[in-house]
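This report refers to the structure that appears directly beneath it.
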Amino acid sequence: AYGGWVVRTKGQLWMANANGYPLGFQTSGTQVDIKPSDQPFIVEIKEKLDDSPKGAVDPRMVDVIETRISKLQDDGFYTAKYGDRRTQLVFIGVGLNKDKMRKWLTKALLTEEESAAMGGVKGWRNLKDPLFGGRLAAAHFEWDGK
């Protein structure tokens, strides 16, 4: 299908129904491992800090998050629209057709129109959970600040 075969895959996924946390993703041969990170996206922490009452947050925490964001921006991994939310995958294989793979992976992305039709980000929580039977959205849609 992709002009070759994938031997190994690794990286992280940003799934709409797990908007607050990246999912680690790796394959080796026929083995597949997908699991949510226990660390939220940095933008999730920043949003909670920004929403906190003035003086309620330790300024050192703010400095740490701002330093992390600055480094991510310098490395091209933080945008104004999405923060550090992203899918980043590496495929290792033989005779892979990058254009075909990119085309199929792009089809899996949530479009702006689809997002708007479900009421924006808040509606993403209601998307079907194809991997964890609904537990993913319940536990990882947003960071609770703990």
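Some notes on this structure:
- Of 10/46; 48/146; 10/35; 54/122, pairs whose Cα-Cα distance is over 20 Å: 10/46; 54/122
- Placing 84, 144 in order of accessible area, with the largest value first and a 1.4 Å probe, yields 144, 84.
- Length available on full extension from residue 135 to residue 5: 0.36 nm per residue minus the Cα-Cα distance, which gives 43.6 nm.
- Residues within the reach of a label modelled at residue 79 (point 7 angstrom out along Cα to beta-carbon, backbone nitrogen below 19 Å), restricted to the range 108-130, are 108-117, 120-122, 124.
- Test item: Cα-centred dipole of the range 70-146, Lys/Arg +1 and Asp/Glu -1 on Cβ, debye: 220 debye
- Cross-link reach list, aspartates and glutamates versus residue 81, counting only Cα pairs under 13 Å and skipping chain neighbours closer than eight places: 44, 47, 112
- Toward the positive end of the charge dipole of the range 1-59, with +1 on the Cβ of Lys and Arg and -1 on the Cβ of Asp and Glu, the farthest Cα among 16, 45, 59 is that of 16.
- Reach of residue 107 by Cα under 18 Å, taken over lysines that are not fewer than 8 positions away in the same chain: 98, 128
- If you sort 142, 66 by accessible surface, 1.4 Å probe, largest first, the order is 66, 142.
- Top of 126, 17, 97 by mean-square fluctuation, Gaussian network on the chain, Cα under 10 Å: 97
- Of 106, 79, 87, the one that fluctuates the most in a GNM where the chain has Cα springs shorter than 10 Å: 106
- Rolling a 1.4 angstrom probe over the chain with all protein chains present gives an accessible area of which 55% lies on carbon and sulfur atoms.
The values are calculated or read from the model by the stated rules, or taken from the named source; none is laboratory data. Quantities reported herein were computed from a predicted structural model and do not represent experimental measurements. When we count neighbours, we look across all protein chains shown, and the Cβ atoms used for this are built from the backbone with ideal geometry, even at glycine. The protein model used for the area step is the full one, side chains on, heavy atoms only, and it has no ligands, DNA or RNA in it. Shrake-Rupley method; radii C 1.70, N 1.55, O 1.52, S 1.80 Å.
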